[in-house]
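Down below is the structure, laid out as structure tokens.
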Amino acid sequence: MPPTINFLKSLPYFAALRPATLDNIARTATELSFARGEVVILEGEPCRGLYIVRMGRVRIFKSSAEGREQVLYIAGPGDTFNDVPVFDDGANPASASALEPATIYLIPRQTMTYLATDSQTAQAIIKVFATRLRHLTTIAEDLSFRSVPSRLAKLLLKLAVVEGGEAPIPQLTQDEMAAMVGSVRDVVGRSLRTMTGMGVIEIKGKRITITDPDKLKDIS
Amino acid sequence: MKTAIPEVDSEKCTGCGDCVEQCPTDAVEVIDGKAVIVRPGDCTYCTDCEAYCPAHAIRCPYEIVLLPAGTRKRTPVRRSHGKRADGTHTKTRTFRR
């Protein structure tokens, strides 16, 4: 099913466009479905276009030759990924895989480069790229200046939700946490044990409960 | 809360038995060529099976939860109550925030 005009209009890239143009974009879009863990794109492969998440969450990551991963960001509904090669004509700079069952729209590269000739859309594109650059700068800062326990504390604080609230409770394995903080499973396991020893978190079964967020903030 | 047990993806599982060997509580067995947590009550969620599975067929995800405000632990903070005229400090008390 093609994306609706309203959905396209809600995205920063297309907010300024007229309904007729949005209708044309919708016609060029392809809907793709992915199961949990399925690979959407691979780093280094030719770019097919811009991906827009309709449903589910997608992990955007870089892999090392030894198989270590660094998550760059998690794209949720309304987020785009693979933006860079659409405009620089290069290969996919990172890989993407579905964190949960996901529906994704693929907008061909040519559609996007044509839209970029419109100054209002070009401004929207620059804004998205500027936000992405800020985010990558923060990742570079964290990897350079923060220790693994500090990065892990920051991640736990960012992800944790109060039970019974509106947001679903995030579920992450130690390997997934390691990929998000740029480390390895063993170090994440050790850091979690240290935090437990400090009384900052409590681990019971599959649940990590942040018992002292103030102290966790001090570590982060 | 339900007993937490590892999630086994039977499509990925090759039935190699590494998880059976590694499990410290003998909670897992290979049945019909697939790993099965046969004694969930014995599983301590140590995540060793996940770490050793060569096929990445076992997942041990953690839920990350924040205690609701008001039920959280409060970190004791030491605050000094100022200086006396002679330069010495008044009594320091430990408060909880």
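Worth a mention:
- Filtered by the rule that a residue be of a type in the set (Gly, Ala, Ser) and modelled with pLDDT of 95 or more, region B:34-50 gives a lone residue, B:ALA35.
- Residues being in contact with a strand residue (DSSP E or B) (Cβ under 6 Å, 6 or more places away or on another chain), surrounded by 19 or more Cβ atoms within 10 Å (Cβ to Cβ) and either facing another protein chain (nearest Cβ under 7 Å) or closer than 23 Å to A:LEU72 by Cα (or both) - total across region A:189-210: 3
- Only listed residue being within 14 Å of chain B (Cβ to nearest Cβ) and surrounded by fewer than 20 Cβ atoms within 10 Å (Cβ to Cβ), chosen from A:GLN171, A:GLN110: A:GLN171
- Output for region B:3-33, where each listed residue is in contact (Cβ under 8 Å) with a residue 24 or more places away in the chain, surrounded by 16 or more Cβ atoms within 10 Å (Cβ to Cβ) and either within 17 Å of A:LYS206 (Cβ to Cβ) or out of contact with any Lys or Arg (no Cβ under 7 Å at 6 or more places or on another chain) (or both): B:ALA4, B:ILE5, B:PRO6, B:VAL8, B:ASP9, B:CYS16, B:ASP18, B:CYS19, B:CYS23
- Of all residues making up region A:139-148, the number that are surrounded by fewer than 10 Cβ atoms within 10 Å (Cβ to Cβ) and either in contact with a strand residue (DSSP E or B) (Cβ under 7 Å, 6 or more places away or on another chain) or of a type outside the set (Gly, Ala, Ser) (or both): 1
- Looking at region A:10-86, the strands (runs of 3 or more DSSP E) lying wholly inside it that each contain 1 or more residues that are of a type in the set (Lys, Arg) and without any contact (Cβ under 8 Å) to a residue 60 or more places away in the chain sit at A:49-55, A:58-63.
- Residue match in region A:174-188 (condition: among the small types (Gly, Ala, Ser), loosely packed, with under 15 Cβ neighbours inside 10 Å and modelled with pLDDT under 95): no
The values are calculated or read from the model by the stated rules, or taken from the named source; none is laboratory data. Quantities reported herein were computed from a predicted structural model and do not represent experimental measurements. Please note: Cβ atoms are built from the backbone with ideal geometry, for glycine as well, and neighbour counts cover all protein chains shown.
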